[in-house]
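Here's the structure, in structure tokens; my notes come after.
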Amino acid sequence: MAGISAATLKKKVTIIEKNPIIGKKILVSGNGNCNLTNASLDSTKYHGDKVFIGKIFKQFNNKDLIIFFKDLMVELKEERFGRIVPVNEQAITILDALSD
């Protein structure tokens with residue numbers, strides 16, 4: 001996401017991946033469904049510095065993330081417990097969108 005954002009500002013971008021397969025962690029997230037965020041994102045549900053998390057959510061929250069992926073032509077849906085995943089429930093969809 002950072003690379004895409006920098007590229008839209010006409011910055012030169014190089015992505016470095018430690019794993020032998022690019023996006024390996026994306027592919028296994030959410031048991032392969034790629035749970036991107038939660039519909040009821042709330043800083044009170046996090047452990048640690050809630051003030052810090054609250055500031056982060058004000059700058060970029062779950063709605064911003066959903067818009068980011070919609071702009072990449074990824075359709076999302078809400079599942080049980082507010083999980084937001086690709087409509088096809090396949091993490092490869094997210095990896096493909098970020099890789100193009």
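Could you work out how far apart the two model spin labels at ASN88 and ILE15 are, taking each label as a point 7 Å from the Cα in the direction of the beta carbon, and quote it in nm? With each label point 7 Å from Cα toward Cβ, the separation is 1.7 nm. Once backbone amide H atoms are built at 1.01 Å from N, ARG83 has ALA39 as its partners under 5 Å, excluding neighbours fewer than 5 places away on the same chain.
Solvent-accessible area per residue for the chain at a 1.4 Å probe radius, Å²?
Numbers: 7480 Å² over 100 residues.
With the other protein chains kept in place, the chain gives 75 Å² per residue.
Protection proxy ranking for 57-63, 34-40, using the average of other Cβ atoms within 10 Å per residue and placing the highest first: 34-40, 57-63. For the chain, the 222 nm mean residue ellipticity estimated from helices alone, with every DSSP H stretch of n ≥ 4 adding -39500 (n - 2.57) and the total spread over all residues, rounds to -11000 deg cm²/dmol.
Of ASP49, ASP71, ASP64, which has the most accessible area with a 1.4 Å probe, and how do the rest follow in descending order? Intermediate values should be presented prior to the final figure.
Details: ASP49 95, ASP71 115, ASP64 55 Å².
Heavy-atom accessible area, descending, gives ASP71, ASP49, ASP64.
Pairwise Cα distances in the chain exceed 19 Å for 51 percent of all pairs. Each residue of the range 84-100 was assigned a 3J(HN,Hα) from its phi angle through the Karplus expression (A = 6.51, B = -1.76, C = 1.60, θ = phi - 60°), giving 9, 9, x, 4, 7, 6, 10, 4, 4, 4, 5, 4, 4, 5, 6, 8, 5 Hz with x at Gly and Pro.
The values are calculated or read from the model by the stated rules, or taken from the named source; none is laboratory data. Being a predicted model, the structure only gives us computed values, none of them experimental. Methodologically, a virtual Cβ is constructed for each residue, glycine included, from the backbone with ideal geometry; neighbour enumeration extends over all protein chains shown. These accessible areas exclude ligands, DNA and RNA; they are computed on the full protein's heavy atoms, side chains included. Shrake-Rupley method; radii C 1.70, N 1.55, O 1.52, S 1.80 Å.
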